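The values are calculated or read from the model by the stated rules, or taken from the named source; none is laboratory data. Since the model is a prediction, treat every value here as computed from it, not as a measurement. Every residue, glycine among them, receives a Cβ derived from its backbone with ideal geometry; neighbour counts consider all protein chains shown.
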Amino acid sequence: MVHSETHSSKNDGTSEKCEWHLADEAATQAFAEACAQLCLDESAFQPGLVVYLQGDLGAGKSFFSRAFIQCFLPNQKVKSPTYTLVETYPTEHGPILHFDLYRLCDPEELEFLAIRDLMTPPFIALVEWPSKGVGILPEADLRIELSPDGTGRKISITPMKPAFEAFVRKLTEKLAR
């Protein structure tokens, strides 16, 4: 379970940023599972959902992605796409695209991956190191930031579009239970 304090604050005057302290990997997994379940409940695959995952090396971006993907595909081996840039995981709801752009030299390289074709609804895209794809990547619907915090980690989620403010509110309510 996620044992944490929740803090909400306005981000650039429009979006609500919510923050939690996750005590350990089990709490991070529970957070990812809650996000995945809410994506399913809210039919997030249908319009297509782009989630930017931000944080330093070792902050937990790949761990979060693995836990999220395994909610839809239990026992699926989820590898970091550090060298392939993208791994696609087909689900009955649509594909989950896991991008790791750490090694991307030029955003134009994403065009060679046919990114526009990959990101045709229904889909969910989890994008690590999104700053490397500026100008080619679609804008985020949600931004999740992870950082070490003592023996656990701090995680925050920000809706980047007004349509996703309700998603963040529902996630906060779900985690409070």
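Summary table below
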{"item": "Wholly enclosed strands (runs of 3 or more DSSP E) of segment 38-151 bearing at least 2 residues under 14 Å from the mean Cα position of the chain (by Cα) and touching a residue at least 60 places away in the same chain (Cβ under 8 Å)", "result": "49-54, 124-128, 142-149"}
{"item": "Residues of segment 73-86 satisfying the condition of being under 25 Å from S147 (Cα atoms) and surrounded by fewer than 20 Cβ atoms within 10 Å (Cβ to Cβ)", "result": "K77, V78, K79, S80, T82, Y83, T84, V86"}
{"item": "Scope segment 7-37; condition at pLDDT below 85 and either part of a strand (DSSP E or B) or surrounded by 13 or more Cβ atoms within 10 Å (Cβ to Cβ) (or both); matching residues", "result": "H7, S8, S9, K10, N11, S15, E16"}
{"item": "Residues that are over 24 Å from S131 (Cβ atoms) and charged (D, E, K, R), drawn from segment 70-97", "result": "K77, E92"}
{"item": "Some residue of segment 114-131 being more than 25 Å from Q37 (Cα to Cα) and modelled with pLDDT of 95 or more", "result": "yes"}
{"item": "Selected residue (criterion: nearest to the chain's Cα centre (by Cα)) from residues of segment 157-166 that are surrounded by 18 or more Cβ atoms within 10 Å (Cβ to Cβ) and either of a type in the set (V, I, T) or more than 13 Å from V50 (Cα to Cα) (or both)", "result": "I157"}
